[in-house]
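Asks: Would you mind keeping the following structure in view while I ask a few things?
Just so it is clear, none of the values below were taken in a lab; they were calculated from the coordinates. Here the structure is a predicted model, which is why all the values come from computation and not from measurement. Backbone-built Cβ (ideal geometry, glycine too); neighbour counts: all protein chains shown.
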C-alpha cells in the first residue's frame, strides 16, 4: 500500500486492526501516523489513547497483552510500536517450545489478529531499512515475520522529481515564492529529503516574510547543508562559459575556504549530461528533462535548463575536452601544489578559452 492509499483510507475512517510501516522515508511516515491518530481518535485525549513501545526495550508479548487489555480512560486506542525489526531472531534461534521464541511470538501476533480488540489499532514501524538496494533482503525478513499483518505501508524515498513537486506544494501552503535555481539548490543540498526540506521552508517563510521571493542567496544563508550557493554559481558560470563571472565566484570560494573538488564533481556531472544530450540531438530543456527522466536519471526543470545552457555554449569536442580538464584539475588539487586557487584559475582559463 502506498502512503496516498493509506491516507485515502484514513479519510474514509477505514481501519485495519494492525499496520506494518516499512521504509526509511520520514516525511510521509509522519503524515500517515498523524492521519491515523486524527481519524482513529478524533479529539480524544492522546495521553490516554496513544501508547508507545520500543521492541528494543520490551517483548512483543507485552505489546499484545496491552492490546488485549481494556482501557478505563479511552474506548479507542492506537498503539505505536517502534523498531519492529528488533523482534526478529538474532544469532541462535531459540527452541520453539520456549514462549519467547520467534515462532511463538509470530503465532501470538497471528492469534491476536484473528480476534483483535475492537477500537484498538496497532502500528508496527520499521524505519531501519530502505525498500531498495542492500536492505531489501533484510526487509523481506521483516515482512515474513509480520506476515499476519495484512496491511503494509511502503514508505519509499522521494525521487528528485517527486521532491520538486512536494516543494512546490509546501511553498504554496506557506505562501512562499522560490526561484527555480533556489529550489534546485534546496533539493540538491538536502538530498531530496522532504522532511528536512519542509523544515527549511518553514524557516524561509519566517525569514522572508510576505511578498519576497526566495533566492539562492537566501538558501545559502539559512540552510545548513546548502553547500554553497557559490559552488552552484561557479558551475553555472562555467556552464555558460562566462569567464569573468567564474573568476569572481572562484575568488569568493577561495576566501570562504570552500571545498573546491566539490565544484568539479558537480561540473563533471553537468558535462556528462550535456554531452549525452548533444549526442541525442536534444534541442530544448523540456526535451532534456523528458529524455533523462525516461532513462531513469533524475533531472528537474531548472537542472535541465542548466544542461541546455551548457549544450548551447559547448560543442561536442569542447565538452569532451572539458571533462578531461575537470579530471586534470581534480588531480592537480590532490597533488602536492602551492595553491588550490592557482589550479582552479588555470582550469577556468582553459575551459573558457
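Asks: Would you list 250, 275 from fewest to most Cβ contacts within 10 Å?
Replies: Neighbour counts put them in this order, fewest first: 275, 250.
Asks: For the pair residue 62/residue 342, report the inter-label distance in nm, with labels modelled 7 Å from Cα in the Cβ direction.
Replies: Distance between the two pseudo-spin positions: 6.5 nm.
Asks: Here is a follow-up. Gain in length, residue 140 to residue 221, computed as 0.36 nm per residue apart minus the alpha-carbon separation, to one decimal in nm?
Replies: Full extension from residue 140 to residue 221 adds 24.9 nm.
Asks: Now for a different question. State the extension gain, in nm to one decimal, for the chain segment bounded by residue 71 and residue 165, taking 0.36 nm per residue of separation less the distance between their alpha-carbons.
Replies: 29.6 nm
Asks: Let me ask something additional. If all Cα-Cα distances of the stretch 3-154 are sorted into 10 Å bins from 0 onward, what percent lands in each bin, rounded to whole numbers?
Replies: 11, 41, 36, 11, 1
Asks: Follow-up question, since we're still on this one. Report the FRET efficiency, 1/(1 + (r/R0)^6), for residue 131 and residue 34, where r is their Cβ-Cβ distance and R0 is 30 Å, rounded to 0.05.
Replies: Efficiency, from the Cβ-Cβ distance: 0.90.
Asks: Before anything else, pin down the relative contact order of the chain: Cα pairs under 8 Å, at least 6 apart, normalised by residue count, whole percent.
Replies: Relative contact order, the chain: 16 percent.
Asks: With axes computed from alpha carbons, what is the tilt in degrees of helix 194-208 against the longest principal axis of the chain, rounded to the nearest 10 within 0 to 90?
Replies: 60 degrees
Asks: Here is a further query. To the nearest 10 degrees, how steeply does helix 136-145 sit against the main Cα axis of the chain, on a 0 to 90 scale?
Replies: 10 degrees
Asks: Applying 1/(1 + (r/R0)^6) with R0 = 22 Å to the Cβ-Cβ distance of residue 199 and residue 151, what FRET efficiency is obtained, to the nearest 0.05?
Replies: 0.15
Asks: Next question. Full-extension gain between residue 175 and residue 248, please, as 0.36 nm times their residue separation minus the C-alpha to C-alpha distance.
Replies: Result: 22.9 nm gained on full extension.
Asks: To the nearest 0.05, what FRET efficiency results for residue 90 and residue 13 with a Förster distance of 41 Å applied to their C-beta separation?
Replies: Given R0 = 41 Å and the Cβ-Cβ separation, E is 0.60.
Asks: In addition: Using Cβ counts within 10 Å as a stand-in for footprinting exposure, how do 125, 350 rank, fewest first?
Replies: Ranking 125, 350 by Cβ neighbours within 10 Å, fewest first, gives 350, 125.
Asks: Let me ask you something else. Using Cα springs under 10 Å in a Gaussian network model of the chain, which residue among 264, 37, 70 shows the largest mean-square fluctuation?
Replies: 70
Asks: Given the rule -39500 (n - 2.57) for each run of at least 4 DSSP H residues, summed and divided by the residues of the chain, what is its mean residue ellipticity at 222 nm, to the nearest 500 deg cm²/dmol?
Replies: Using -39500 (n - 2.57) per qualifying helix, the result is -18000 deg cm²/dmol.
Asks: Still on this structure, please answer the following. Please find, in a Gaussian network model of the chain (springs between Cα atoms separated by less than 10 Å), the residue of 151, 25, 57 whose mean-square fluctuation is greatest.
Replies: Most flexible of the set in this elastic network: 57.
Asks: Would you mind ranking 1, 349 by Cβ crowding within 10 Å, fewest neighbours first?
Replies: Taking fewest neighbouring Cβ atoms as first place, the list is 349, 1.
Asks: Oh, and also: Say each of residue 317 and residue 290 gets a label point 7 Å from the Cα, pointing the same way as Cα to Cβ; how far apart are those two points in nm?
Replies: Reported label-point gap for residue 317 and residue 290 is 3.2 nm.
Asks: Among 339, 330, 181, which one shows the biggest mean-square fluctuation in a GNM of the chain, springs joining Cα atoms closer than 10 Å?
Replies: Its mean-square fluctuation being the largest, the pick is 339.
Asks: Rounding to the nearest 10 and keeping the result within 0 to 90°, find how far the Cα-based axis of helix 243-256 lies from the longest principal axis of the chain.
Replies: 50 degrees
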